Amino acid sequence: MATKITSEYNASSIQVLEGLEPVRKRPGMYIGTTDTKGLHQMAYEIITNSIDESLAGYGSRIWVALHKDGSLSVQDEGRGIPTDIHPKLKVSALELAMTKLHAGGKFDENTYKVSGGLHGVGASVINALSDKTRVEVRRDDKIYVQEYVRGKPKAKVAITKDTQALVDVPSGTFTKFLPDPTIFTTTTTWNPELVENMIRNFAYLIAGMHFYFTDENLGTTKQFYFEGGIRSLVAHINRDKKTLTDPVYFNKTVEEVGIEVALQYNDSYSELVQSFVNTVYTYDGGTHVTGFRIALTRAINDYAKKNGLLKEGENGLTGEDMREGLTVVISVKMPTQAIQFESQTKAKLNNPEVQGYASTAVKEGLDMYFEENPADARRIVDKVLLAAKARLAARAAKEAVLRKGALEGSALPGKLADCQERDPALCELYVVEGDSAGGSAKGGRDRRFQAILPLFGKVLNTERARIDQIIESDKFKNLIIAVGAGIGDQYNYEKLRYHRIIIMADADIDGSHIKCLYITFFYRHLRDVVDKGHLYIAMPPLYRIEVAKQILYAYSDEQRDQILAKFTGQKSVVQRFKGLGEMNAQELWETTMDPKNRILKQINVSDAAEADKTFTMLMGSEVPPRKQFIVRHAKMANLDV
């Protein structure tokens, strides 16, 4: 029976939020989240404002700094935000840009032909979500300044000599802001590594642009400048891999859309695609990536047929064959007003015409490259032919695992203790190391929503394995069936059976290795599970402490010491857990599986290129890079001996 709402719904019920109130009321609508990702989105927005000036032809240097008070500043040498009085609104244009949504030059196609960011609302959104903001504008041999508190001006725009800008430039904008701790749910502390990676990627995307990054807390300043642009980015991604050729690069402008592509094959089995539109990272790809794939498949097939590398009667090479060992960066620059993103998050480009533009540019570029570099072309085709042979050899194994209906009912692995719930959003799968720990987990779980899959011992290193080897491995075969989404060309995210996949292993060196092997598998072969935030690591306690008739658990040496310090002089019994199998079902539930008490680490990837490099270095076949890493970080190791 419907519940009757008795309160009146009339004109007085309609709220009108003025100025920047909507941003503070619903910050997630503007920056995605209010956790660390949303925090760093603020840095992204301000930096892209300065980049837009550079793309418009004004300035080639940008300075970014993290300050000791927790603020971040960005300075460019562009034209500077206008400061004159707006003819209609009778307010300084600077104040309008900083305090009114949808007030800015991004809506005038003559002012910014190409731009990224939030298209005209970036500066005002960052101002709204900051505790304090200061903007200095250099124009007409004067320095204009205005300061704000939570989006509201402290005073009118004034002319000043008291500048906080990083460097003295003839013209440009300096913005310094301190994120508001009442807005952000987890932290307002900048991650220097994330900011640095963001700046480095910008430098790769805009060849010839100088970026300077200062961290006052460390007392360091770094410069980023790459003459080679995305060619340098591809070389950087593949620096620890054996490559088949130098990076292949070409660019073409079609109907005011600039298509820039750099690609390189290596001897691995995984693919890495990074795509951008006006420097915005489109992590779900889009029509520009589709156009690239179509052209790559056609160009390699055409060359193989033309040069007799495909036998008579053989079917053509497929798009899947092209992906093994491929690293590619696709950067599109197009008029801002023409861009059609799939959603507000700008994860995917939807412009249908760009597919054709990209396909044309890539096909022409590859055809010319293959004709001019026949030895390189042959190496690439040989690599793709090898992938095709592996695909055919693996088909039978894949069909045995992924045949229709294989994921239903009795086809589920015998060791899997499934949950009762059928809504994936409510379901959890614990992948547990060891039969004994698996038994405790099965006994302690909440069977309504928690499933348990015990997998004993170390598993295959999927960084070095082909897909047919992975599927033939019993442990991964059971895991693939349990997860339900398939693998390879039959992968389907919609069939994912659990939206929390939790790896639970012992808190020792072997357990860490096992966790690393599973993370490698998900990153390389079920990437959506990682990208969409479904992969977690369980954090079992290290100590059980019995003191003052209480049983307490500590998850680190520091926490153990803090607990014992509270009960100085009282008799205590401290047990160090060496493995999950030492905990009974009740202990495992209370400490590691109960959503009210447990600690989970979510696995996410903030920088795909760096993650790819790390997996290759730690899990790949090249020993020297791994040896260098171990030597460099040896003193940081926590040896449980």
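The values are calculated or read from the model by the stated rules, or taken from the named source; none is laboratory data. Just so you know, these numbers come straight off a predicted model, no measurement behind them. Cβ coordinates were reconstructed from backbone atoms using ideal geometry, including for glycine residues, and neighbour counts include every protein chain displayed. Just so you know, the surface numbers come from the protein's heavy atoms only, side chains and all, with ligands and any DNA or RNA stripped out. Shrake-Rupley method; radii C 1.70, N 1.55, O 1.52, S 1.80 Å.
Scanning the stretch 455-472 for residues that are closer than 24 Å to LEU580 by Cα and surrounded by fewer than 23 Cβ atoms within 10 Å (Cβ to Cβ) yields a count of 6. Counting only residues that are part of a helix (DSSP H, G or I) and open to solvent by less than 40 Å² (accessible area, probe 1.4 Å), the stretch 343-390 holds 20 of them.
So which residues in the stretch 545-597 are within 19 Å of TYR430 (Cα to Cα), buried (at least 17 other Cβ atoms within 10 Å of the Cβ) and not small (Gly, Ala, Ser)?
Those that are within 19 Å of TYR430 (Cα to Cα), buried (at least 17 other Cβ atoms within 10 Å of the Cβ) and not small (Gly, Ala, Ser): LEU580, GLU582, MET583, GLU587, LEU588, TRP589, GLU590, THR591, THR592, MET593.
Residue check: is PHE174 assigned to a strand (DSSP E or B), under 35 Å from the mean Cα position of the chain (by Cα), crowded, with 17+ Cβ neighbours inside 10 Å and among the aromatic types (Phe, Trp, Tyr)? In short, yes. You will find that of LYS442, LYS475, the residue that is of a type in the set (Lys, Arg) and either open to solvent by less than 20 Å² (accessible area, probe 1.4 Å) or closer than 13 Å to ALA417 by Cα (or both) is LYS442 and no other. Would you check if LEU429 is modelled with pLDDT of 85 or more, in a helix (DSSP H, G or I) and under 28 Å from the mean Cα position of the chain (by Cα)? Considered against the rule, which asks whether it is modelled with pLDDT of 85 or more, in a helix (DSSP H, G or I) and under 28 Å from the mean Cα position of the chain (by Cα), LEU429 comes out as no. Per this entry, THR282 is counted among residues that are crowded, with 17+ Cβ neighbours inside 10 Å, among the hydroxyl-bearing types (Ser, Thr, Tyr), under 30 Å from ASP240 (Cβ atoms) and touching a residue at least 12 places away in the same chain (Cβ under 8 Å).
Total residues in the stretch 259-274 satisfying the condition of being of a type outside the set (Ser, Thr, Tyr) and at pLDDT 95 or above: the figure is 6. Residues that are within 26 Å of PRO27 (Cβ to Cβ) and part of a strand (DSSP E or B) within the stretch 323-342 comprise just one, PHE341.
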